[in-house]
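Trainee: The structure is given below, and queries will be raised subsequently.
Since every read-out is calculated from the coordinates, none of them should be taken as a lab result. In this text, all values refer to a predicted model and were calculated from it rather than measured experimentally. Neighbour counts run over all protein chains shown; Cβ positions are idealised from the backbone, glycine included.
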Amino acid sequence: MIIALTYLLAGGSDDMKRLLTWLGFPETKTIPASLSHDQGVKTLKIFAQVREPSRDFARLHQDLAKQIAVVARKVSWEPQV
């Protein structure tokens, strides 16, 4: 209920939907098994936007740090030339 309300109050954007998929200690079944490179980049960019504001909320900040690592492991990264 709280997550749905947060989503609606934030305008229901795709970025907010992506953020809520990963944060707030979601059920494992909501986390994608793998991510494309583009999905990983988009997710990490959203995480970067909320990283600083989340510092005042210890559990959220810790969850964010954990999920950054999870996203990084799920993407096949390629070196840029």
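Trainee: Let me check I've understood the local charge: for residue 68, count other residues with C-beta under 12 angstrom from its C-beta, Lys and Arg +1, Asp and Glu -1. What total comes out?
Mentor: +4
Trainee: Need the full-extension length gain, residue 74 to residue 33, defined as separation in residues times 0.36 nm minus the C-alpha distance. One decimal, nm.
Mentor: Separation in residues times 0.36 nm, less the Cα-Cα distance, equals 14.0 nm.
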